[in-house]
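Engineer: Dropping a structure here in structure tokens format, bear with me for questions.
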Amino acid sequence: MFYLTEVEDYIRVEPKLFGIPTIEAVEEQLRETYADYYDKELGRVVSVIDVLRVGEGILIPGDGAAYYNSTFTLLAWKPELHEIVYGIISEITNFGAFIDLGSMRGMIHISQTMEDYVSFSKTNTLTGKSSKKVLKQGDLCMARIVAISHKGDEPKIGLTMRQPGLGKLEWVKEDAVKKEKEGKKLERIEEREAKGKGGKKGGKKK
């Protein structure tokens, strides 16, 4: 889930940025500080949206930098349980697939890639035994977050595609077309049954 978050903090501006306007220096320093930044509560910072306020600078003896009490807005993506996400398969392994979600990466265990018995091939693909569906690097997919672990510097995101409306986009489209055809077929059957019932005439025995 994407969030816009307003933050107030003292920003350490390095001496190399002293030659430009203060607000620009703070903004440049924020971009460096929050590049690829992740926090459990905040999420993964995608961008510094705006610098709302910059206070007076503070100098600390022995430190050549200046510190500015600043208020700014960050755009961050924080993974949420049960959230549906979209991404591209970046790697296939014998135990599953890794999917690039843009700002983070998730993992889909082989048993969660599709509703089928799945095998790993030497060509780095996952193939369904009955459905013959193939998952490979570069495929666009939709998945649901089912687990989030914050051990270590990077969060580990567990995903599943074994639910209706999820999986490789080609599979999702094929299922949608199949359901539409089945729905139209059912409508025709119900119409015929309704006409048949309407055509029957009742009468009294003499």
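The values are calculated or read from the model by the stated rules, or taken from the named source; none is laboratory data. What you are looking at is a predicted structure, and each value in this text was computed from that prediction instead of being measured. For neighbour counting, all protein chains shown are included, and Cβ atoms are generated from backbone atoms with ideal geometry for every residue, glycine included.
Engineer: Could you grab me the full set of residues in the stretch 125-150 that are in contact with a Ser or Thr (Cβ under 8 Å, 6 or more places away or on another chain), assigned to a loop (DSSP other than H, G, I, E, B) and either of a type in the set (A, V, I, L, M, F, W, C) or surrounded by fewer than 16 Cβ atoms within 10 Å (Cβ to Cβ) (or both)? Break it down into steps so the answer makes sense when it comes.
Structural biologist: Narrowing the stretch 125-150 to residues in contact with a Ser or Thr (Cβ under 8 Å, 6 or more places away or on another chain): 126-127, 129, 133-137, 143-144, 146.
Now restrict to residues that are assigned to a loop (DSSP other than H, G, I, E, B): 129, 133, 137.
Within the stretch 125-150, Lys129, Gln137 meet the criteria.
Engineer: Shifting gears a bit: Would it be correct to say that Ile99 is assigned by TED's automatic domain parsing to the domain that holds Ser130, touching a Gly at 6+ places or on another chain (Cβ under 6 Å) and either within 18 Å of Ile145 (Cβ to Cβ) or part of a helix (DSSP H, G or I) (or both)? If you could, list the steps in order and put the result at the bottom.
Structural biologist: On the way: assigned by TED's automatic domain parsing to the domain that holds Ser130: yes; touching a Gly at 6+ places or on another chain (Cβ under 6 Å): yes; either within 18 Å of Ile145 (Cβ to Cβ) or part of a helix (DSSP H, G or I) (or both): yes.
Spelling it out, Ile99 is indeed assigned by TED's automatic domain parsing to the domain that holds Ser130, touching a Gly at 6+ places or on another chain (Cβ under 6 Å) and either within 18 Å of Ile145 (Cβ to Cβ) or part of a helix (DSSP H, G or I) (or both).
Engineer: Give the residue that is nearest to Ile148 (Cα to Cα), with candidates limited to residues of the stretch 10-67 that are of a type in the set (S, T, N, Q) and not in a strand (DSSP E or B).
Structural biologist: Residues of the stretch 10-67 that are of a type in the set (S, T, N, Q), as a first pass: 22, 29, 33, 47.
With the extra rule that they be not in a strand (DSSP E or B), the set shrinks to 22, 29, 33.
Numbers: Thr22: 39, Gln29: 31, Thr33: 25 Å.
Filtering first and then ranking leaves Thr33.
Engineer: Residues to consider are Phe120, Phe98, Phe72; find the one that is in contact (Cβ under 8 Å) with a residue 24 or more places away in the chain and within 20 Å of Arg162 (Cβ to Cβ). Let's see the steps before the verdict.
Structural biologist: Working: Phe98 fails: in contact (Cβ under 8 Å) with a residue 24 or more places away in the chain; Phe72 fails: within 20 Å of Arg162 (Cβ to Cβ).
Only one candidate passes the filter, namely Phe120.
Engineer: All but one of (1) touching a residue at least 60 places away in the same chain (Cβ under 8 Å); (2) exposed (fewer than 12 other Cβ atoms within 10 Å of the Cβ) hold for Asp36, so report the exception by its number.
Structural biologist: The single condition Asp36 does not satisfy is (1).
Engineer: Inspect the stretch 77-90 for any residue being surrounded by fewer than 16 Cβ atoms within 10 Å (Cβ to Cβ), modelled with pLDDT of 95 or more, of a type in the set (S, T, N, Q) and not assigned by TED's automatic domain parsing to the domain that holds Glu8 and give the result as yes or no.
Structural biologist: Checking the stretch 77-90: at least one residue is surrounded by fewer than 16 Cβ atoms within 10 Å (Cβ to Cβ), modelled with pLDDT of 95 or more, of a type in the set (S, T, N, Q) and not assigned by TED's automatic domain parsing to the domain that holds Glu8.
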